[in-house]
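Participant: Attaching a single structure in structure tokens format; questions to follow.
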Amino acid sequence: MDLHEQSARNWAMGCHLAALVFYIGVPFGNILGPLIVWLIKKDEYALVDQQGKEALNFQISLMVYSIIAAVAAIACAFTVVLIPVAVALGVLLVVLFLADLVLIIIAAVKTSNGELFTYPLTIRFIK
């Protein structure tokens with residue numbers, strides 16, 4: 001493997017790992033991190049362009065899913081009958097955040113190994 005290919009893999013892996021910035025308290029860091037890496041290196045490396053779009057689409061999709069679940073949970077929490085639904089939606093939010101962590105790590109490892117990674121349940125906002 002040449003230096004150019006290794007550099008492309010490293011930057012592509014960085015697109016995925018940059019989403020972890022959210023977990024250290026940076027608001028919208030899960031979107032801003034991959035966006036910054038992608039914008040800087042997308043024209044230089046095709047792998048970064050492809051994996052950066054993948055990371056961004058997944059993080060935006062996850063944000064949409066989380067907002068919908070949170071709003072629905074809050075709405076359900078105000079009714080006595082739907083409190084179990086609100087609790088279930090709260091559990092779903094926790095599962096979404098854990099799935100995000102696990103999938104980011106899997107994507108980074110696969111990209112580092114030269115494999116293309118596709119996140120599940122991703123809406124293709126950026127083509």
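The values are calculated or read from the model by the stated rules, or taken from the named source; none is laboratory data. Computed from a predicted structure; not experimentally measured. Positions of Cβ are generated from backbone atoms using ideal geometry, with glycine treated the same way; all protein chains shown enter the neighbour counts.
Participant: So, in the range 75-94, of the ones that are under 30 Å from A107 (Cα atoms) and among the small types (G, A, S), which residue ends up surrounded by the fewest Cβ atoms within 10 Å (Cβ to Cβ)?
Facilitator: A88
Participant: If you don't mind, another one. I'm trying to understand the selection: among the residues of the range 45-74, which are at pLDDT 95 or above, assigned to a helix (DSSP H, G or I), buried (at least 16 other Cβ atoms within 10 Å of the Cβ) and more than 16 Å from the chain's Cα centre (by Cα)?
Facilitator: Across the range 45-74, the qualifying residue is only L47.
Residue-wise test of (1) touching a helix residue (DSSP H, G or I) at 6+ places or on another chain (Cβ under 6 Å); (2) without any contact (Cβ under 8 Å) to a residue 60 or more places away in the chain; (3) over 15 Å from M13 (Cα atoms).
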residue: S61; (1), (2), (3): no, no, yes
residue: V64; (1), (2), (3): no, yes, yes
residue: A72; (1), (2), (3): yes, yes, yes
residue: T79; (1), (2), (3): no, yes, yes
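Participant: Kindly provide the set of residues from the range 81-127 that are hydroxyl-bearing (S, T, Y) and either assigned to a helix (DSSP H, G or I) or out of contact with any helix residue (DSSP H, G or I) (no Cβ under 9 Å at 6 or more places or on another chain) (or both), ordered by number.
Facilitator: T111, S112
Participant: Which condition does L17 not pass, out of (1) within 23 Å of Y119 (Cβ to Cβ); (2) in contact with a Ser or Thr (Cβ under 9 Å, 6 or more places away or on another chain); (3) among the hydrophobic types (A, V, I, L, M, F, W, C), if it passes all the others?
Facilitator: Of (1) within 23 Å of Y119 (Cβ to Cβ); (2) in contact with a Ser or Thr (Cβ under 9 Å, 6 or more places away or on another chain); (3) among the hydrophobic types (A, V, I, L, M, F, W, C), only one is false for L17: (2).
Participant: If you check Y23 against the conditions, is it hydroxyl-bearing (S, T, Y), in a helix (DSSP H, G or I) and farther than 20 Å from A108 by Cβ?
Facilitator: No.
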